[in-house]
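Have a look at the structure below before the remarks.
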Amino acid sequence: MGFNITSIKTSSNGAWQGDNPLNFAFPLLIVQTTLILVLSRFLAFLLKPLRQPKVIAEIVGGILLGPSAFGRNEDYMHRIFPSWSMPVLETVASIGLLFFLFLVGLELDLTSIRRSGRKAFGIAFCGISLPFICGFGVAFILRKTVDGADKVGYGQFIVFMGVALSITAFPVLARILAELKLLTTRVGELAMASAAFNDVAAWILLALAVAIAGNGSGQQKSPLISIWILLSGMAFVIFMMVLIRPAMKWVAHRCSPEQDIIDEAYICLTLGGVMVSGFITDLIGIHSIFGAFIFGLTIPKEGDFADKLIERIEDFVTGLLLPLYFASSGLKTDVAKIKGGEAWGLLALVVTTACAGKIIGTFAVALMFGMAIRESLALGILMNTKGLVELIVLNIGKEKK
(Lines give C-alpha, C1' and ligand atoms only; values in the text may rest on other atoms or scores of the structure.)
Protein backbone atom coordinates (compact mmCIF):
# COMPACT_ATOMS: atom_id res chain seq x y z
CA MET A 1 0.00 0.00 0.00
CA GLY A 2 1.49 3.36 -1.04
CA PHE A 3 1.62 6.33 1.32
CA ASN A 4 1.90 10.05 0.85
CA ILE A 5 3.99 11.28 3.81
CA THR A 6 1.79 14.38 4.15
CA SER A 7 -1.33 12.23 4.55
CA ILE A 8 -0.01 10.15 7.47
CA LYS A 9 -2.04 10.61 10.65
CA THR A 10 -0.89 10.13 14.23
CA SER A 11 -3.74 8.05 15.73
CA SER A 12 -6.42 5.76 14.34
CA ASN A 13 -10.15 5.69 15.14
CA GLY A 14 -9.89 2.00 16.04
CA ALA A 15 -10.61 -1.30 14.34
CA TRP A 16 -14.36 -1.05 15.05
CA GLN A 17 -14.51 2.01 12.79
CA GLY A 18 -12.61 0.28 10.00
CA ASP A 19 -9.12 1.67 10.68
CA ASN A 20 -6.00 -0.51 10.68
CA PRO A 21 -3.81 0.87 13.52
CA LEU A 22 -0.67 -0.18 11.60
CA ASN A 23 -1.47 2.48 9.00
CA PHE A 24 -1.07 5.24 11.64
CA ALA A 25 2.18 6.61 13.04
CA PHE A 26 1.71 6.25 16.82
CA PRO A 27 0.17 2.74 17.06
CA LEU A 28 2.81 1.49 14.61
CA LEU A 29 5.57 3.09 16.71
CA ILE A 30 4.23 1.21 19.77
CA VAL A 31 4.34 -2.11 17.87
CA GLN A 32 7.88 -1.40 16.54
CA THR A 33 9.16 -0.38 19.99
CA THR A 34 7.67 -3.46 21.66
CA LEU A 35 9.11 -5.78 19.00
CA ILE A 36 12.58 -4.19 19.26
CA LEU A 37 12.59 -4.31 23.08
CA VAL A 38 11.41 -7.94 23.30
CA LEU A 39 13.92 -9.19 20.69
CA SER A 40 16.86 -7.14 22.01
CA ARG A 41 16.21 -8.27 25.61
CA PHE A 42 15.96 -11.90 24.48
CA LEU A 43 19.26 -11.61 22.55
CA ALA A 44 20.89 -9.82 25.50
CA PHE A 45 19.88 -12.79 27.69
CA LEU A 46 21.42 -15.23 25.18
CA LEU A 47 24.64 -13.19 24.87
CA LYS A 48 25.04 -12.57 28.62
CA PRO A 49 27.21 -15.69 29.22
CA LEU A 50 29.60 -14.29 26.56
CA ARG A 51 29.76 -10.98 28.52
CA GLN A 52 28.56 -8.97 25.53
CA PRO A 53 27.15 -5.47 26.25
CA LYS A 54 23.45 -4.91 25.49
CA VAL A 55 24.29 -2.62 22.56
CA ILE A 56 25.51 -5.71 20.62
CA ALA A 57 22.15 -7.43 21.18
CA GLU A 58 20.31 -4.28 20.07
CA ILE A 59 22.29 -3.95 16.80
CA VAL A 60 21.95 -7.69 16.06
CA GLY A 61 18.23 -7.41 16.84
CA GLY A 62 17.89 -4.54 14.36
CA ILE A 63 19.71 -6.56 11.68
CA LEU A 64 17.41 -9.56 12.28
CA LEU A 65 14.28 -7.38 12.12
CA GLY A 66 15.52 -5.64 8.96
CA PRO A 67 15.98 -6.76 5.33
CA SER A 68 18.81 -9.18 6.21
CA ALA A 69 16.51 -11.71 7.95
CA PHE A 70 12.81 -11.20 8.81
CA GLY A 71 12.61 -8.33 6.32
CA ARG A 72 13.15 -10.74 3.43
CA ASN A 73 9.39 -11.24 3.76
CA GLU A 74 8.10 -8.15 1.95
CA ASP A 75 4.62 -8.28 3.52
CA TYR A 76 6.17 -8.13 7.01
CA MET A 77 8.55 -5.29 6.03
CA HIS A 78 5.82 -3.16 4.41
CA ARG A 79 3.46 -3.74 7.33
CA ILE A 80 5.75 -3.44 10.40
CA PHE A 81 8.66 -1.29 9.15
CA PRO A 82 7.33 0.64 6.11
CA SER A 83 9.64 3.34 4.74
CA TRP A 84 7.26 6.16 5.80
CA SER A 85 7.53 5.12 9.47
CA MET A 86 11.35 5.19 9.67
CA PRO A 87 11.70 8.99 10.19
CA VAL A 88 9.30 8.72 13.16
CA LEU A 89 11.21 5.80 14.70
CA GLU A 90 14.59 7.46 14.12
CA THR A 91 13.39 10.78 15.59
CA VAL A 92 12.27 9.10 18.83
CA ALA A 93 15.53 7.10 18.87
CA SER A 94 17.55 10.30 18.37
CA ILE A 95 15.91 11.87 21.44
CA GLY A 96 17.11 8.85 23.41
CA LEU A 97 20.62 9.28 21.98
CA LEU A 98 20.58 12.99 22.83
CA PHE A 99 19.74 12.36 26.50
CA PHE A 100 22.15 9.42 26.73
CA LEU A 101 25.04 11.67 25.67
CA PHE A 102 23.82 14.20 28.23
CA LEU A 103 24.04 11.46 30.89
CA VAL A 104 27.57 10.56 29.69
CA GLY A 105 28.61 14.21 30.07
CA LEU A 106 26.92 14.29 33.45
CA GLU A 107 28.92 11.29 34.70
CA LEU A 108 32.24 12.29 33.08
CA ASP A 109 34.54 14.33 35.30
CA LEU A 110 36.37 17.09 33.40
CA THR A 111 39.33 16.82 35.77
CA SER A 112 39.97 13.29 34.48
CA ILE A 113 40.17 14.62 30.89
CA ARG A 114 42.55 17.36 32.04
CA ARG A 115 44.71 14.74 33.76
CA SER A 116 44.99 12.68 30.56
CA GLY A 117 44.76 15.60 28.06
CA ARG A 118 48.20 15.39 26.44
CA LYS A 119 48.20 11.60 26.39
CA ALA A 120 44.61 11.46 25.08
CA PHE A 121 45.39 13.97 22.31
CA GLY A 122 48.45 11.95 21.20
CA ILE A 123 46.50 8.68 21.20
CA ALA A 124 43.60 10.27 19.29
CA PHE A 125 45.95 11.83 16.69
CA CYS A 126 47.83 8.61 15.95
CA GLY A 127 44.65 6.54 16.23
CA ILE A 128 42.98 8.59 13.49
CA SER A 129 46.06 9.19 11.28
CA LEU A 130 47.10 5.58 10.55
CA PRO A 131 43.65 4.26 9.47
CA PHE A 132 43.04 7.53 7.54
CA ILE A 133 46.27 6.93 5.56
CA CYS A 134 45.29 3.26 5.09
CA GLY A 135 42.00 4.56 3.68
CA PHE A 136 43.95 5.98 0.70
CA GLY A 137 44.95 2.44 -0.33
CA VAL A 138 41.45 1.06 0.17
CA ALA A 139 39.97 3.97 -1.83
CA PHE A 140 42.40 3.21 -4.70
CA ILE A 141 41.41 -0.50 -4.77
CA LEU A 142 37.66 0.26 -4.54
CA ARG A 143 37.87 2.79 -7.40
CA LYS A 144 39.49 0.10 -9.58
CA THR A 145 37.05 -2.65 -8.54
CA VAL A 146 33.58 -1.24 -7.79
CA ASP A 147 31.45 -0.21 -10.79
CA GLY A 148 30.86 3.54 -10.91
CA ALA A 149 33.31 4.41 -8.10
CA ASP A 150 35.73 6.03 -10.57
CA LYS A 151 33.05 8.56 -11.59
CA VAL A 152 33.35 10.29 -8.21
CA GLY A 153 36.02 12.96 -7.66
CA TYR A 154 39.20 11.45 -6.19
CA GLY A 155 39.50 14.07 -3.41
CA GLN A 156 36.08 13.56 -1.80
CA PHE A 157 36.29 9.78 -2.31
CA ILE A 158 39.55 9.60 -0.33
CA VAL A 159 38.24 11.90 2.44
CA PHE A 160 35.01 9.89 2.82
CA MET A 161 36.92 6.58 2.96
CA GLY A 162 39.47 8.00 5.41
CA VAL A 163 36.80 9.38 7.75
CA ALA A 164 34.71 6.18 7.62
CA LEU A 165 37.72 4.00 8.50
CA SER A 166 39.38 6.17 11.13
CA ILE A 167 36.79 7.55 13.57
CA THR A 168 35.60 6.18 16.91
CA ALA A 169 31.88 5.94 17.71
CA PHE A 170 31.71 8.10 20.82
CA PRO A 171 28.14 7.18 21.99
CA VAL A 172 28.64 3.44 21.39
CA LEU A 173 31.99 3.53 23.24
CA ALA A 174 30.34 5.41 26.12
CA ARG A 175 27.56 2.82 26.29
CA ILE A 176 30.02 -0.11 26.36
CA LEU A 177 32.24 1.54 29.01
CA ALA A 178 29.19 2.34 31.16
CA GLU A 179 27.83 -1.22 30.96
CA LEU A 180 31.22 -2.82 31.66
CA LYS A 181 31.74 -0.42 34.61
CA LEU A 182 34.89 0.97 32.97
CA LEU A 183 33.83 4.63 32.66
CA THR A 184 35.75 5.73 35.77
CA THR A 185 38.81 3.48 35.32
CA ARG A 186 42.14 4.77 33.95
CA VAL A 187 41.60 3.04 30.57
CA GLY A 188 37.97 4.19 30.43
CA GLU A 189 38.81 7.84 31.16
CA LEU A 190 41.61 7.80 28.60
CA ALA A 191 39.38 6.12 25.99
CA MET A 192 36.60 8.71 26.52
CA ALA A 193 39.02 11.65 26.36
CA SER A 194 40.72 10.25 23.23
CA ALA A 195 37.36 9.54 21.59
CA ALA A 196 36.26 13.12 22.33
CA PHE A 197 39.36 14.51 20.53
CA ASN A 198 38.90 11.90 17.80
CA ASP A 199 35.30 12.89 17.12
CA VAL A 200 36.13 16.62 16.94
CA ALA A 201 38.61 15.78 14.17
CA ALA A 202 36.04 13.53 12.51
CA TRP A 203 33.36 16.25 12.36
CA ILE A 204 35.87 18.73 10.90
CA LEU A 205 36.92 16.20 8.24
CA LEU A 206 33.28 15.31 7.54
CA ALA A 207 32.41 19.00 7.10
CA LEU A 208 35.38 19.27 4.71
CA ALA A 209 34.20 16.21 2.76
CA VAL A 210 30.66 17.63 2.47
CA ALA A 211 32.09 20.96 1.31
CA ILE A 212 34.22 19.23 -1.35
CA ALA A 213 31.34 17.00 -2.50
CA GLY A 214 28.94 19.93 -2.95
CA ASN A 215 25.18 19.40 -2.78
CA GLY A 216 24.85 16.68 -5.39
CA SER A 217 23.87 19.11 -8.16
CA GLY A 218 27.45 19.93 -9.12
CA GLN A 219 27.52 23.13 -7.07
CA GLN A 220 30.61 23.21 -4.85
CA LYS A 221 30.59 24.62 -1.33
CA SER A 222 33.52 26.64 -0.03
CA PRO A 223 36.06 24.64 2.05
CA LEU A 224 35.95 27.63 4.44
CA ILE A 225 32.65 26.17 5.69
CA SER A 226 34.59 23.59 7.75
CA ILE A 227 36.59 26.41 9.36
CA TRP A 228 33.40 28.31 10.24
CA ILE A 229 31.95 25.11 11.73
CA LEU A 230 35.12 24.63 13.82
CA LEU A 231 35.16 28.24 15.04
CA SER A 232 31.42 28.17 15.84
CA GLY A 233 31.87 24.90 17.73
CA MET A 234 34.74 26.36 19.76
CA ALA A 235 32.66 29.48 20.51
CA PHE A 236 29.79 27.24 21.69
CA VAL A 237 32.08 25.27 24.05
CA ILE A 238 33.57 28.50 25.48
CA PHE A 239 30.09 29.98 25.97
CA MET A 240 28.91 26.83 27.79
CA MET A 241 31.96 26.68 30.05
CA VAL A 242 32.20 30.42 30.82
CA LEU A 243 28.51 31.35 31.22
CA ILE A 244 26.34 28.24 31.51
CA ARG A 245 28.61 26.27 33.87
CA PRO A 246 28.45 28.90 36.68
CA ALA A 247 24.67 29.12 36.17
CA MET A 248 24.35 25.33 36.56
CA LYS A 249 26.54 25.51 39.70
CA TRP A 250 24.04 27.99 41.14
CA VAL A 251 21.14 25.66 40.21
CA ALA A 252 22.94 22.69 41.80
CA HIS A 253 23.56 24.74 44.95
CA ARG A 254 19.85 25.68 45.10
CA CYS A 255 19.03 21.96 44.96
CA SER A 256 21.66 20.93 47.55
CA PRO A 257 20.70 18.86 50.65
CA GLU A 258 21.15 21.99 52.83
CA GLN A 259 18.35 23.71 50.89
CA ASP A 260 16.21 20.57 51.33
CA ILE A 261 14.50 21.03 47.92
CA ILE A 262 14.80 19.56 44.45
CA ASP A 263 12.54 21.98 42.58
CA GLU A 264 10.77 20.47 39.56
CA ALA A 265 11.30 23.77 37.73
CA TYR A 266 15.10 23.29 37.88
CA ILE A 267 14.82 19.72 36.59
CA CYS A 268 12.58 20.84 33.69
CA LEU A 269 14.89 23.79 32.95
CA THR A 270 17.87 21.42 32.75
CA LEU A 271 16.06 18.95 30.45
CA GLY A 272 15.05 21.89 28.24
CA GLY A 273 18.70 22.97 28.22
CA VAL A 274 19.67 19.57 26.78
CA MET A 275 17.29 20.07 23.85
CA VAL A 276 18.37 23.69 23.21
CA SER A 277 22.07 22.74 23.32
CA GLY A 278 21.43 19.94 20.83
CA PHE A 279 19.57 22.33 18.52
CA ILE A 280 22.40 24.90 18.62
CA THR A 281 25.12 22.40 17.65
CA ASP A 282 22.86 21.01 14.92
CA LEU A 283 22.39 24.60 13.69
CA ILE A 284 26.19 25.05 13.63
CA GLY A 285 26.62 21.89 11.54
CA ILE A 286 27.87 19.56 14.29
CA HIS A 287 25.62 16.69 15.36
CA SER A 288 23.13 17.58 18.11
CA ILE A 289 24.48 14.90 20.47
CA PHE A 290 27.64 16.96 21.07
CA GLY A 291 25.60 19.90 22.33
CA ALA A 292 23.88 17.60 24.81
CA PHE A 293 27.24 16.10 25.87
CA ILE A 294 28.82 19.55 26.46
CA PHE A 295 25.75 20.63 28.47
CA GLY A 296 26.17 17.52 30.63
CA LEU A 297 29.78 18.55 31.33
CA THR A 298 28.60 21.95 32.68
CA ILE A 299 26.67 20.37 35.56
CA PRO A 300 28.65 19.99 38.83
CA LYS A 301 29.34 16.39 39.83
CA GLU A 302 29.32 17.08 43.58
CA GLY A 303 26.01 17.35 45.45
CA ASP A 304 22.62 15.70 44.91
CA PHE A 305 21.51 17.48 41.75
CA ALA A 306 23.45 15.34 39.24
CA ASP A 307 22.45 12.13 41.06
CA LYS A 308 18.76 13.17 41.02
CA LEU A 309 18.91 13.88 37.28
CA ILE A 310 20.51 10.49 36.59
CA GLU A 311 17.98 8.74 38.83
CA ARG A 312 15.01 10.34 37.05
CA ILE A 313 15.93 9.83 33.40
CA GLU A 314 18.53 7.04 33.14
CA ASP A 315 16.23 3.99 33.13
CA PHE A 316 13.78 5.55 30.67
CA VAL A 317 16.55 6.59 28.27
CA THR A 318 18.78 3.49 28.39
CA GLY A 319 15.97 0.98 28.85
CA LEU A 320 13.41 2.25 26.32
CA LEU A 321 14.68 4.95 23.92
CA LEU A 322 18.31 4.00 23.30
CA PRO A 323 17.62 0.44 22.03
CA LEU A 324 15.50 2.04 19.28
CA TYR A 325 18.54 3.94 17.96
CA PHE A 326 20.82 0.92 17.73
CA ALA A 327 18.02 -1.24 16.31
CA SER A 328 17.21 1.42 13.68
CA SER A 329 20.87 1.24 12.60
CA GLY A 330 20.53 -2.51 12.15
CA LEU A 331 17.29 -2.05 10.19
CA LYS A 332 19.23 -0.17 7.48
CA THR A 333 21.63 -3.09 6.98
CA ASP A 334 21.03 -5.66 4.27
CA VAL A 335 23.68 -8.39 4.43
CA ALA A 336 22.05 -10.18 1.46
CA LYS A 337 23.31 -7.45 -0.92
CA ILE A 338 26.88 -8.69 -0.50
CA LYS A 339 27.14 -11.40 -3.16
CA GLY A 340 30.10 -13.20 -4.72
CA GLY A 341 33.70 -13.79 -3.69
CA GLU A 342 34.90 -10.35 -4.87
CA ALA A 343 32.29 -8.49 -2.76
CA TRP A 344 33.10 -10.53 0.36
CA GLY A 345 36.83 -10.02 -0.30
CA LEU A 346 36.35 -6.23 -0.50
CA LEU A 347 34.28 -6.34 2.71
CA ALA A 348 37.06 -8.28 4.47
CA LEU A 349 39.62 -5.75 3.17
CA VAL A 350 37.65 -2.73 4.48
CA VAL A 351 36.96 -4.34 7.89
CA THR A 352 40.55 -5.58 8.33
CA THR A 353 42.05 -2.22 7.31
CA ALA A 354 39.74 -0.26 9.64
CA CYS A 355 40.36 -2.54 12.64
CA ALA A 356 44.10 -3.08 12.12
CA GLY A 357 44.82 0.61 11.48
CA LYS A 358 42.89 1.75 14.55
CA ILE A 359 44.11 -0.94 16.97
CA ILE A 360 47.78 -0.90 15.87
CA GLY A 361 47.95 2.92 15.77
CA THR A 362 46.43 3.31 19.25
CA PHE A 363 48.37 0.35 20.70
CA ALA A 364 51.73 1.68 19.46
CA VAL A 365 51.29 5.23 20.75
CA ALA A 366 49.90 3.98 24.10
CA LEU A 367 53.07 1.91 24.56
CA MET A 368 55.12 5.03 23.75
CA PHE A 369 53.31 6.82 26.59
CA GLY A 370 54.45 4.09 28.99
CA MET A 371 51.17 2.16 29.35
CA ALA A 372 51.22 -1.58 30.02
CA ILE A 373 50.82 -3.92 27.02
CA ARG A 374 47.46 -5.25 28.25
CA GLU A 375 46.06 -1.74 28.87
CA SER A 376 47.40 -0.53 25.51
CA LEU A 377 45.71 -3.42 23.68
CA ALA A 378 42.43 -2.85 25.57
CA LEU A 379 42.57 0.84 24.66
CA GLY A 380 43.22 0.00 20.98
CA ILE A 381 40.21 -2.33 20.88
CA LEU A 382 37.98 0.23 22.65
CA MET A 383 39.05 3.00 20.25
CA ASN A 384 38.07 0.69 17.36
CA THR A 385 34.39 0.98 18.37
CA LYS A 386 32.25 1.85 15.35
CA GLY A 387 28.72 3.24 15.12
CA LEU A 388 26.92 6.57 14.88
CA VAL A 389 29.37 8.87 13.09
CA GLU A 390 30.32 6.19 10.55
CA LEU A 391 26.63 5.70 9.72
CA ILE A 392 26.22 9.46 9.25
CA VAL A 393 29.32 9.52 6.99
CA LEU A 394 27.97 6.63 4.91
CA ASN A 395 24.48 8.14 4.64
CA ILE A 396 25.97 11.48 3.47
CA GLY A 397 28.21 9.58 1.05
CA LYS A 398 25.16 7.80 -0.33
CA GLU A 399 23.30 11.11 -0.74
CA LYS A 400 26.30 12.63 -2.58
CA LYS A 401 26.55 9.47 -4.71
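Quick notes on this structure:
- Residue check: ILE299 meets all listed conditions (1) closer than 24 Å to ALA202 by Cβ; (2) modelled with pLDDT of 85 or more but one, namely (1).
- Only listed residue being out of contact with any Ser or Thr (no Cβ under 7 Å at 6 or more places or on another chain), surrounded by 14 or more Cβ atoms within 10 Å (Cβ to Cβ) and either more than 23 Å from ILE56 (Cβ to Cβ) or at pLDDT 90 or above (or both), chosen from SER328, SER376: SER376
- Residue tally, condition open to solvent by 20 Å² or more (accessible area, probe 1.4 Å) and either more than 18 Å from LEU346 (Cβ to Cβ) or not hydrophobic (A, V, I, L, M, F, W, C) (or both), over the range 135-158: 12
- Inside the range 81-112, residues that are at pLDDT 85 or above, open to solvent by 50 Å² or more (accessible area, probe 1.4 Å) and of a type outside the set (Ser, Thr, Tyr) make up a count of 4.
- In this entry, GLY296 is excluded by the filter for residues that are in a helix (DSSP H, G or I), surrounded by 22 or more Cβ atoms within 10 Å (Cβ to Cβ) and more than 18 Å from the chain's Cα centre (by Cα).
- Applying the criterion of at least 3 residues that are of a type in the set (Gly, Ala, Ser) to the helices (runs of 4 or more DSSP H) found wholly in the range 9-82 leaves 25-47, 54-65.
- Selection within the range 328-348 - charged (D, E, K, R) and within 22 Å of the chain's Cα centre (by Cα): LYS332, ASP334
- So THR318, is it assigned to a helix (DSSP H, G or I), of a type in the set (S, T, N, Q) and within 16 Å of the chain's Cα centre (by Cα): yes
- Taken across the range 337-353, residues that are surrounded by 14 or more Cβ atoms within 10 Å (Cβ to Cβ), at pLDDT below 85 and in contact with a helix residue (DSSP H, G or I) (Cβ under 7 Å, 6 or more places away or on another chain) do not occur at all.
- Check on THR281, assigned to a helix (DSSP H, G or I), open to solvent by less than 10 Å² (accessible area, probe 1.4 Å), assigned by the TED database to the domain that holds ALA378 and at pLDDT 90 or above: no
- Among the residues making up the range 12-32, those that are surrounded by 15 or more Cβ atoms within 10 Å (Cβ to Cβ) and of a type in the set (S, T, N, Q) are SER12, ASN23, GLN32.
The values are calculated or read from the model by the stated rules, or taken from the named source; none is laboratory data. Predicted, not measured: the structure shown is a model, and the values here were computed from it. Every residue, glycine as well, gets a Cβ built from its backbone with ideal geometry; the counts of neighbours run over all protein chains shown. These accessible areas exclude ligands, DNA and RNA; they are computed on the full protein's heavy atoms, side chains included. Shrake-Rupley method; radii C 1.70, N 1.55, O 1.52, S 1.80 Å.
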